[in-house]
Amino acid sequence: MNQNIVTSLDQQLRSRAEKVVPGGMYGHLNARPLPPGYPQFFAKGEGCHLWDVDGRRYIDFMCSWGPILLGHKYPAVEEAVERQRQQGDCLNGPTERMVELAEKLVANIPHADWAMFQKNGTDATTSAITVARAGTGRRKILVARGAYHGAAPWCTPSVVGVTAEDRAHLVHFEFNNIESLEAAAEAAKGDIAAILVAAFKHDLSVDQMLPDPPFAQRAREICNEVGAALIIDEVRAGFRLSVGGSWEKLGIRPDLAAWSKAIANGYPLAALTGNDRFRDAASRIYVTGSFWMGAVSMAAAIATIDELLATNGIAHMERIGTRLRDGIAEQAMRHGIRLRQTGPVQMPLILFDDDPSFAKGARFASEAIKRGVYMHPRHNMFLSLAHTESDIDETLEVTDVALARLASEYRA
């Protein structure tokens, strides 16, 4: 196969985009920061496979950066979408699907007494802190240093076009560090609206970290002590780790939770769920969007949740994720490559030891994509219900070659 996997049509589209789109692309969907060989433009997706515009097929381990939970073009979701599309999508108000979906979320998420809908994860996290401030009459939001909670000025990782005032009321702590959390709470004493924390630490380019139970418990206690809201950002992890909430197994229930990505299997939707304490505040704030009540995405979400529950999809993703992790661990040991696999198995991250510039990770990813496996060298990946044991086995054949090449080059 040609070493330069990105061929003519992809390059032509990049050139055309440069003329009419700032920078040609933007945000996390920009392929330019990725190693050589990654396509920018895609033609179609089906199951756990993608095809780029030049016709090359990949086993997809990014799942559209999280939204594809069941698989691309999942039949039950597409049927529900088409039924609703025939009736209408963007109307003067919501359809019955809004009430049905809110009822389904309340029925399946233990902390939730109500739900509101948006379009993107940033919408949901922003709505969450707005509700928390309205409900407490306070300003300060305690957040983990380095955590990603969206792309609005108050939380974006960029400093370009953002003022210090946009983030004036954020107070930082270290994830899983109780002393740091308590120090942040003391610094904001008397003005804490909320503690906002991700379901688990999934910052870019660093090892993932599940929440320590004592840390999670202390976050809940501090909120109880000062009357603040505990907000769990479920945007990335929601419905892959648990339908009811990622901290439910720790015995910790938030006051508010932000959801998006996997909620509608690729259709644009986000949700904010909350308990009765913040119901009045949620009813008084002003948040809206022209497309927030789109019925097609809500129909997709209803079908997605039903299918996830009916198929025991989370257990499936855990099983095949373990198969992938164990296989790569065995290969790395056999080839003498030191690497780290962290976080939940259904959201894998692979980083290499002694790789400060991520050159090893880039080389590994380049070898994989050249052979039809789309992985990411620095960001956590995602598994779906559509990934099968045979897909994992095919992937492991590719990763074995990639690790062998890497071992040979670094020994040389």
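Values quoted throughout were computed directly from the atomic coordinates according to the rules given, and no laboratory measurement underlies them. These figures come from a predicted structure and were not determined experimentally. Glycine gets a Cβ as well: all are built from the backbone with ideal geometry, and neighbour counts include every protein chain shown.
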Output ³J(HN,Hα) for the range 394-409: one whole-Hz value per residue in order, computed from phi by the Karplus curve 6.51 cos²θ - 1.76 cosθ + 1.60 with θ = phi - 60°, and x for Gly and Pro. 4, 4, 5, 4, 6, 5, 5, 5, 4, 5, 5, 4, 5, 4, 4, 5
For Ala194, what residues show an amide H to amide H distance below 5 Å, using hydrogens built from the backbone and excluding near sequence neighbours? Leu142, Ala229
Give the separation of the Cα centroids, the range 215-232 to the range 111-138, in Å. 16
Here the percent of antiparallel bridges among DSSP beta bridges lying wholly in the chain, to the nearest 5, is 55
Which order results if Asp354, Asp52 are arranged by neighbouring Cβ count within 10 Å, fewest first? Asp354, Asp52
How far, in degrees from 0 to 90, does helix 178-187 lean away from the longest principal axis of the Cα atoms of the chain, to the nearest 10? 50
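Normalised by the number of residues in the chain, what is the relative contact order in percent for Cα pairs under 8 Å and 6+ residues apart?
Computed over the chain, the figure is 22 percent.
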For helix 75-87, what angle does its Cα long axis make with the longest principal axis of the chain, in degrees from 0 to 90 and rounded to 10? 50
How much mean residue ellipticity at 222 nm does the chain get from its helices, if each DSSP H run of length 4 or more adds -39500 (n - 2.57) and you divide by all residues, to the nearest 500 deg cm²/dmol? -12500 deg cm²/dmol
Which of Gly336, Gly313, Gly24 ends up with the largest GNM mean-square fluctuation for the chain, with Cα atoms connected below 10 Å? Gly24
Students often forget the sequence filter, so: which lysines lie under 16 Å Cα-Cα from Lys119 once same-chain residues fewer than 8 apart are removed? Lys261
Spelling out what I want: for every residue of the range 36-42, take phi, set θ = phi - 60°, compute 6.51 cos²θ - 1.76 cosθ + 1.60 (Karplus), and round to whole Hz; glycine and proline get x. x, x, 8, x, 9, 10, 10
Tell me the angle of helix 313-335 to the major Cα principal axis of the chain, expressed in degrees between 0 and 90 and rounded to the nearest ten. 40
Which residue fluctuates most in the GNM of the chain (Cα springs below 10 Å): Leu269, Leu351, Leu91? Leu91
Taking a ≥ b ≥ c as the square roots of the Cα gyration tensor eigenvalues, with a/c under 1.5 meaning rounded and otherwise prolate when a/b beats b/c or oblate if not, the range 66-138 comes out prolate
